[in-house]
Structures are given as structure tokens and as C-alpha cells.
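Can you read through this structure? Questions will come right after.
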Amino acid sequence: MDKPKIPTIIVILGATGDLTAQKITPALFNLYRSGSLPRMFRVVGFARRGLQDRNFTAMAAANLIKRASGPERKELKKFLSLFSYSQGFFEKKSDYVRLKKRLDEIDRAWGMCSNKLFYLAVPPRLYPEILKNLAATGLNEPCGGPESGWTRVIVEKPFGSDLKSAKALDVLLGRLFAENQIYRIDHYLAKEMLQNILAFRFSNTLFEANWGKDSIAEVNIRLWEILGVEGRGGFYDGVGALRDVGQNHLLQMLALVAMERPKDFTAKRVRAARLNLLRSLKTPTERDVKTRTFRAQYDGYRSVVGAASDSETETYFRVGAEINDPKWRGVQFTLEAGKRLGKSLKEIEIISRGESGKRNTLTFHVEPKEGITIRFWAKKPGRTVELEERKLGFNFRKHGKGKPAEDYEKLLWDCITDDQTLFVSSGEIKAMWKFVDPIIAGWQKGLVPLARYKPDSSKITKSDTSSL
Ligand code: BG6
């Protein structure tokens with residue numbers, strides 16, 4: 001796609017936080033370096049800390065320089081000249097008035113009405129206040145039409161903490177912004193290997209013709225992390241692993257594996273196909289929760305700053321899911337995620353039917369080594385006919401042509417160029433909560449005891465599988 005031409009300002013609310021430093025500014029810098037940003041572009045930081053423009057720029061510089069190679073450092077100075085800062089307390093309307101003035105000044109200097117992108121890089125509990133203040137000061141109103149002079153807002157997950165709160169947030173957003181102005185992020189959708197699931201399925205008839213219950217017995221979706229929740233205890237303790245990554249990333253992976261082929265690959269149809277699939281998830285009953293879910297916490301978690309000393313928050317879960325659709329009847333989907341598991345592994349494993357011990361496995365390796373492998377059976381060399389398992393593999397970074405795009409780089413680009421394919425619709429969010437809510441309710445009732453596991457061992461993933 002061509003470089004966007006309309007002048008654009010991105011306002012980062014929560015500009016001094018971790019998300020800005022770790023994801024947003026590095027992604028913008030990559031876009032800048034590849035010449036993908038409009039020629040007239042500005043980044044305006046908005047946060048509580050009393051900083052001058054130069055302090056904010058220095059903060060961004062210190063963070064970016066760590067990642068930059070020699071030639072990149074030269075470009076950094078120019079990139080940082082696009083940065084400025086407007087101090088603001090999220091609850092204070094007058095600070096948004098000042099922000100608006102700053103944006104108007106930039107527009108006046110450019111002599112035109114520019115695009116405005118508001119990125120809510122803040123804890124979700126602050127969303128309502130910020131959204132209301134943006135609207136109260138007219139910052140939700142585009143100064144132009146949908147093509148140029150648009151206003152868009154990016155919200156990060158978690159979107160609500162259950163179906164009820166997600167609906168309330170949706171109502172608020174819907175009152176203040178039009179649906180085509182709202183971009184809800186699930187950064188997993190932007191991962192190269194997740195996009196590759198659709199590419200692989202729908203471009204290889206050999207596989208897609210056999211996609212469904214007749215050929216597939218099991219689908220295992222895993223998100224194992226080495227890291228714990230250090231530094232995020234305050235947020236995580238009220239959330240837990242299932243809400244943190246199950247309600248969004250893992251269910252989206254499931255949707256991509258099982259959704260029907262959309263009529264075309266426009267944002268509208270792809271999102272509708274994901275939504276249809278998510279809506280067909282069987283709502284877990286209490287019996288399902290008892291027999292097909294498992295939750296655990298790693299030893300030492302309760303000493304993490306921000307975690308309660310008697311916390312019952314799960315840092316690991318395994319959950320069985322079923323799809324209410326004849327195509328998938330009887331196929332066992334398992335979602336599994338955990339922190340401090342001794343190994344970082346994000347993958348989707350698709351296991352075929354067949355005599356036990358003679359199945360085929362197709363794996364989408366999301367991370368660390370992005371790729372696709374297929375395990376199959378072949379004759380062992382020799383005079384007798386004996387079988388042995390072999391593997392065909394494709395390593396995305398090694399063998400793929402072209403440069404892979406990082407998650408946030410892709411998402412920001414898509415938002416600027418108005419492509420909602422990799423953003424989650426409000427219907428999808430509700431469907432995902434409908435699946436997750438009964439599990440959390442069951443756990444809160446004590447239907448499934450909280451197990452414990454030793455940090456940094458992947459043992460937890462090997463034991464108890466039979467209970468699912
Ligand atoms: C985030 C979760 O959404 O995803 C984190 O809040 C988790 O707890 C992260 O660590 C995993 O994302 P990635 O891209 O590192 O696999």
C-alpha cells in the first residue's frame with residue numbers, strides 16, 4: 001500500500017508508561033525508518049508527569065537508542081524532532097482543553113485539518129474517564145471526513161473484566177465514537193504466524209479439504225512463558241491468566257484455526273468469520289468446568305509486589321473447548337497458558353485422527369521459532385517395511401523472503417491506513433467473554449481447586465493432562 005499522505009498526529013495517552021516505551025515508540029520508529037509514515041507526522045505525549053518537550057524526547061531517545069544500530073541512530077534524531085509533550089491528568093478536563101489547543105496549533109502551522117489518532121496506553125480502569133474527557137472537549141470529533149482529517153481511538157486489551165463490564169465499556173465507546181473510529185487491539189492477531197494460519201489453510205487445498213472432525217482429532221493451543229508477573233502484580237492479581245491471555249489471544253488463535261473461509265479477505269468478512277466461530281463455542285457448563293478445566297499458581301507468586309498474600313489468582317490454566325458445529329463435533333480443543341513455565345513456547349498443534357501412535361501433527365510455531373512443521377510417517381530405509389516418523393519444516397525467518405513486520409508496527413500501520421482486519425470487533429469480545437465467564441464463575445465457586453507448581457519447570461504441562 002502507498003505511504004499515507006494526509007498529515008497525522010498520534011496522541012499517546014499514558015506516554016510515560018511501559019507500553020509506550022516497549023511497543024509503541026519502537027514500532028513508530030520502524031515505520032518512520034521504512035518511510036511508511038506521512039511526511040507530516042507528529043507524536044504528542046500526554047501523561048501526568050510534569051515534563052518539558054525535551055524531557056519527553058530524552059526519555060524516548062534513551063529507550064530507543066538501546067535498540068538502535070549505528071545507521072538507525074542517525075535517523076533517531078530526526079524522528080525525535082517529531083515528539084512533543086502535553087502534561088495532563090486523565091480526570092482533568094482543562095488538561096484536555098490544553099491538549100486540544102496544542103493539536104490545533106499544529107494544524108494551523110500545517111495549514112490543514114490533520115488525522116488524529118488517540119492511543120489509550122493506560123490501565124483499562126482509566127478508559128471511561130479518558131473517553132468522556134476526550135468527548136467533552138470535542139477531541140472525538142474528526143475535523144474532516146472519513147478519508148482525511150479523521151479521528152480514531154485505539155484501546156488495548158483487556159476490554160472489560162467480564163461480559164457485563166465489556167458491554168458497559170462498549171456502550172460508552174459507542175456513545176462517544178462511531179464504530180469505524182474504534183480500534184480494539186489484540187496484538188496476537190498481528191503476529192506473522194497467526195496471519196499465516198489463514199494463508200496456509202486457504203491456499204493449500206491439500207489441507208483445507210481435510211480440515212474438520214473427519215481428519216482432525218485434537219487441537220492444542222499453547223502460550224507458555226518463562227517470565228512471571230514481576231512488576232505487574234497490581235494489575236495481574238485481579239485478572240489472572242485466563243482473562244489476561246485466554247479470553248483474547250488463545251481464543252483468537254482458536255478462531256483462526258477453525259473459522260470458515262470468508263467470501264473474501266476484506267476486514268468485514270474476516271472479522272465476521274472469526275465472530276461466527278467464536279459464537280459457536282459451546283458455553284461451558286458447571287460439569288465442563290469441573291471436568292475440563294485446570295488452574296494453578298506458581299510457588300512464590302504471592303510474594304510478588306501487588307499480589308495478595310492469600311491470592312487465589314491462577315498463573316496457569318488449561319481449558320477444554322468444544323465447537324457447536326457439525327464440522328467440528330467431537331474435536332477436542334485445549335487452550336493452555338502459564339507464567340514461569342521454564343520454557344517460552346507459543347504454538348498451535350493440530351493432531352490428525354488415526355491409529356494411536358500413527359497420527360500426523362501439523363504445528364504452527366508462533367514463537368520462538370516461527371514456522372510450520374508437519375510430522376508424518378515414512379518407510380524406514382532397508383529391506384523390511386517398517387515405519388518411522390519424519391518431519392517437514394519451514395522456518396519463517398530463515399526461509400521466508402521479505403522482512404517480517406513486528407506486531408505493533410503492523411497494527412499502527414493498519415490503523416493509520418484504516419484496515420480493521422487485525423482488530424477485534426465488539427461482537428468477538430462479547431463472544432469470548434461468554435465462553436470465559438462461566439469458567440471464572442466456577443473457579444470462584446471453588447469447583448476446581450487451585451493447584452500449585454514449581455516455577456521454571458514445564459512439568460505442569462505434562463502432569464494432569466488426563467484430567468481434561
Ligand atoms: C499480553 C499479556 O497481552 O500478552 C501478558 O498481558 C503476556 O501477560 C503477553 O505476557 C504475551 O504476549 P507476547 O507477544 O509476548 O507473546
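Just one of the numbered conditions (1) within 16 Å of the ligand (Cβ to nearest atom); (2) in contact with an Asp or Glu (Cβ under 6 Å, 6 or more places away or on another chain) is not true of LEU412; which one?
Failed condition: (2).
Among what's in segment 176-189 and is within 18 Å of PRO124 (Cβ to Cβ) and assigned to a loop (DSSP other than H, G, I, E, B), pick the residue that is nearest to the ligand (Cβ to nearest atom).
The selected residue is ASP186.
Still on this structure: Being more than 16 Å from the ligand (Cβ to nearest atom), at pLDDT below 95 and surrounded by fewer than 17 Cβ atoms within 10 Å (Cβ to Cβ) is true for just one of LYS379, LYS369, LYS358. Which residue is that?
The conditions single out LYS358.
Report whether or not ARG269 is over 22 Å from ALA217 (Cα atoms), free of Cβ contacts under 8 Å to residues at least 60 places away in the same chain and under 22 Å from the mean Cα position of the chain (by Cα).
yes
Something else now. If GLU192 passes every condition in (1) within 16 Å of the ligand (Cβ to nearest atom); (2) of a type in the set (Asp, Glu); (3) touching a strand residue (DSSP E or B) at 6+ places or on another chain (Cβ under 7 Å) but one, which one does it miss?
(3)
Anything in segment 60-93 that is within 29 Å of ASP104 (Cα to Cα) and β-branched (Val, Ile, Thr)? List them, or say none.
Of everything in segment 60-93, nothing turns out to be within 29 Å of ASP104 (Cα to Cα) and β-branched (Val, Ile, Thr).
So SER425 passes all but one of these: (1) at pLDDT below 95; (2) touching a helix residue (DSSP H, G or I) at 6+ places or on another chain (Cβ under 7 Å). Which condition number does it fail?
Among (1) at pLDDT below 95; (2) touching a helix residue (DSSP H, G or I) at 6+ places or on another chain (Cβ under 7 Å), SER425 violates only (1).
Let's see how each residue does on (1) over 21 Å from SER457 (Cα atoms); (2) crowded, with 21+ Cβ neighbours inside 10 Å:
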position	(1), (2)
ALA307	yes, yes
GLU314	no, yes
VAL319	no, yes
GLU322	yes, no
ASP325	yes, no
ARG329	yes, no
ARG340	no, yes
LEU345	no, no
ILE348	no, yes
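Please go through segment 199-250 and pick out each residue that is among the hydrophobic types (A, V, I, L, M, F, W, C), assigned to a loop (DSSP other than H, G, I, E, B) and more than 16 Å from the ligand (Cβ to nearest atom).
Passing the criteria: ALA209, TRP211.
OK, next. Could you check segment 274-288 and list, in sequence order, the residues that are surrounded by 20 or more Cβ atoms within 10 Å (Cβ to Cβ) and assigned to a helix (DSSP H, G or I)?
If the condition is that a residue be surrounded by 20 or more Cβ atoms within 10 Å (Cβ to Cβ) and assigned to a helix (DSSP H, G or I), then ARG274, LEU275, LEU277, LEU278 are the ones that fit.
Table: residues versus (1) in the same structural domain as VAL44 (by TED's automatic domain parsing); (2) away from the ligand (no atom under 16 Å from the Cβ); (3) farther than 30 Å from ARG39 by Cβ.
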site: ARG98; (1), (2), (3): yes, yes, no
site: ARG102; (1), (2), (3): yes, yes, no
site: PHE118; (1), (2), (3): yes, yes, no
site: PRO124; (1), (2), (3): yes, no, yes
site: PRO128; (1), (2), (3): yes, yes, yes
site: LYS132; (1), (2), (3): yes, yes, yes
site: GLU141; (1), (2), (3): yes, yes, no
site: LEU163; (1), (2), (3): no, yes, yes
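Let me ask you something else. Does segment 326-338 include one or more residues that are among the acidic types (Asp, Glu) and more than 22 Å from ARG279 (Cα to Cα)?
no
Out of VAL245, VAL229, VAL219, report the one residue that is touching a Leu at 6+ places or on another chain (Cβ under 6 Å), crowded, with 22+ Cβ neighbours inside 10 Å and touching a residue at least 12 places away in the same chain (Cβ under 8 Å).
VAL245 is the lone residue from the list that is touching a Leu at 6+ places or on another chain (Cβ under 6 Å), crowded, with 22+ Cβ neighbours inside 10 Å and touching a residue at least 12 places away in the same chain (Cβ under 8 Å).
May I pose another question? Anything in segment 286-312 that is over 27 Å from the mean Cα position of the chain (by Cα) and closer than 19 Å to GLU322 by Cα? List them, or say none.
Scanning segment 286-312 gives GLU286, ARG287, LYS290, THR291.
The values are calculated or read from the model by the stated rules, or taken from the named source; none is laboratory data. Only a predicted model underlies this, so the values are computations on that prediction, with no experimental measurement involved. When we count neighbours, we look across all protein chains shown, and the Cβ atoms used for this are built from the backbone with ideal geometry, even at glycine.
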